[in-house]
1. How much of the pair distance distribution for region 167-315 lies past 22 Å, counting alpha-carbon pairs only, in percent?
2. Nearest 0.05, what FRET efficiency do residue 286 and residue 310 give at R0 = 41 Å with Cβ-Cβ as r?
3. By per-residue mean of other Cβ atoms within 10 Å, what is the highest-first order of 171-178, 1-8?
4. Could you list which residues have their amide H under 5 Å from that of residue 109, counting only those 5 or more apart in sequence or on another chain, with H placed in the peptide plane?
5. For 191, 281, which order do you get if you count the other beta carbons within 10 Å of each Cβ and list the fewest first?
6. Give me a comma-separated list of calculated 3J(HN,Hα) values for region 124-141, in order, Karplus coefficients 6.51, -1.76, 1.60 applied at θ = phi - 60°, integers in Hz, x for any Gly or Pro.
7. Over 13 Å, how big is the tail of the calculated P(r) for region 92-167, in percent of all Cα pairs?
8. So how many Å³ per residue does the convex hull of the Cα atoms of region 2-161 work out to?
Amino acid sequence: MKMTILSPGPLSTIQDEGRFGAMGKGFSPGGAMDPIAMKLANLLVGNAPGMGVIEMTMAGITARFDCDSVIALTGADMSARRNGVPIERYRSIAVHAGDTLTMGAALHGMRAYLAVTGGFDLPVVMGSVSTNLKCGLGGFRGRKLQRGDELPLNQSVPASVFGERRLAIPDSCPDVVTLRVLLGPQDDAFTERGIAAFLSSEYTVTGQSDRMGIRLSGERIESKHGVDILSDGIATGSIQIPASGTPIIMMADRQTTGGYAKIAAVISADLSLAAQVRPGTRIRFVTVPEQEAIRLRREMEKKMKQREYEMLYGI
């Protein structure tokens, strides 16, 4: 049982929730850039939310199935087709032996996710099947997918025994995105004018952005005595200010520690939105109180649990 990659797209990798507990050894958690889209794709095909999926960046894959299965696509709209016929995102789709899935360039957003019922039969490395490209481990042979790769599937599923599942398609990522942040932990390294610039300016996503970080261009953020600090830990969503003075939002494949001051961090409820920004998208930052950030995270987790319950019991 397998699916064969006929065309891999520019950057397609296996990702799950991430590799936790290994930062002390120098391994970043990695995992899906858009964790909500990843989890929803899994729920639509009856998988546990954190199972491995294919994350596709800017454009999708073309693949052929050699067995019956059920798939779901979430995240960016990449004009998916099954045997040349358009298929919807955010719903379960039956595929049969010999079917071909074809995906194009993202019309909106940056990343799409493909889940297959039962998941991919790949080795678990340090508790995860996520691909770590820098270290060459996890996923499929520790690298991005290539033409001719044969991805083993855990099971074949007759479509007749799997009821249709569907979710509302979320709004497309807008051209101007507002990300909510908590200031710190080194916001005291910046002048009042620098912090005011950070919170009032509009920044643009550059083409140098990747899974490690979203690089922005725009007004320089003024520091008091430079931005170098003793290296400390970096959380997902931390916003570093390097010597250039323009922000970098540290994402899934960030380094574990860094020596630049971090002016703020994107709250966890907005990380999926950040993952879908593409070059040219404009970003603004707005602060929220810590208790509001906690409330929004709990609300997000509650909604995911509710969706999981609804999918499990068909209500």
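1. 42 percent
2. 0.80
3. 1-8, 171-178
4. Placed amide hydrogens put 173 under 5 Å from residue 109.
5. Placing the least packed residue first, the sequence is 191, 281.
6. 8, 10, 6, x, 8, 9, 4, 7, 9, 5, 5, 9, x, 9, x, x, 9, 6
7. Of all Cα-Cα distances in region 92-167, 77 percent exceed 13 Å.
8. 95 Å³
Taken together, the values in this text are just the output of simple stated rules run on the coordinates, not laboratory data. Here the structure is a predicted model, which means the values were calculated and not measured. Note that we place each Cβ from the backbone using ideal geometry, even for glycine, and neighbour counts take in every protein chain shown.
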